[in-house]
Amino acid sequence: MDQFSPMETNAASTAAFEAGVSEPRPLRELARFKLERRGTVCILHVSGDVDLSNSAALEAAISRAARAHRGALLVSFADCDFVDCSCLSVLIRQFRMLPVRLSIVAPPASRLRRLLDVTCLAGALPVHDGLREAQLAIGSSEGQRARLDEMTFMLRSSPRFRTEGPRKVSLLPTFRNVEGEPLPAPGRREPAGPQ
């Protein structure tokens, strides 16, 4: 019979071992992180288990990858065996700091995807089924971003923009009466006339 030190066992199995109930089980494999670059995309592969004991390491790995790479960042949980809510907290915090750059790969049958579905975060965070789908989505959004930047540059370099400056644009519709005169916006009152 092999003996495991308490450092190699989880708390529940250690207590059971000390009580003489059963043999301790070895801990599940802790999370490992591997960074890979594919073109303009940086992929952080997470494998093993992510729980409260090592969620800070996941957060540090994502932060390091974001600082080292200025493009899109994919965090792949395709090889991850176990996640808990602390992993979700890390992903939410990192998404708030990197809203445009961060995407998550969580296969449909993974524990992370089930957690995201149960908490309704699958629709709030950019989650993809696989690496290929995520890279295609990132590629199209980067293309859209580049086209938007080009259009913004063209507009700002036009002579009209330089002479008139930016226009104030109202996103509220203008309501008009039968004669075509603008009406006050709903909820606003016209100042009362002289009384």
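Read-outs: derived from the displayed coordinates by stated rules, not from any lab. All values derive from a computational prediction rather than experimental measurement. Methodologically, a virtual Cβ is constructed for each residue, glycine included, from the backbone with ideal geometry; neighbour enumeration extends over all protein chains shown.
Could you go through the stretch 114-128 and let me know if any residue there is of a type in the set (Lys, Arg) and surrounded by 19 or more Cβ atoms within 10 Å (Cβ to Cβ).
So far as the stretch 114-128 goes, no, none of its residues is of a type in the set (Lys, Arg) and surrounded by 19 or more Cβ atoms within 10 Å (Cβ to Cβ).
I'd like the full set of residues that are β-branched (Val, Ile, Thr) and assigned to a strand (DSSP E or B), limited to the stretch 23-82.
Val41, Ile43, Val46, Val50, Val75
Among the residues of the stretch 83-101, count how many are more than 16 Å from Ser55 (Cβ to Cβ) and in contact with a strand residue (DSSP E or B) (Cβ under 6 Å, 6 or more places away or on another chain).
1
Sort out which residues of the stretch 100-120 are closer than 26 Å to Thr40 by Cβ and either out of contact with any Asp or Glu (no Cβ under 8 Å at 6 or more places or on another chain) or outside any strand (DSSP E or B) (or both), and write them in order of number.
Scanning the stretch 100-120 gives Val100, Arg101, Leu102, Ser103, Ile104, Ala106, Pro107, Ser110, Leu112, Arg113, Leu116.
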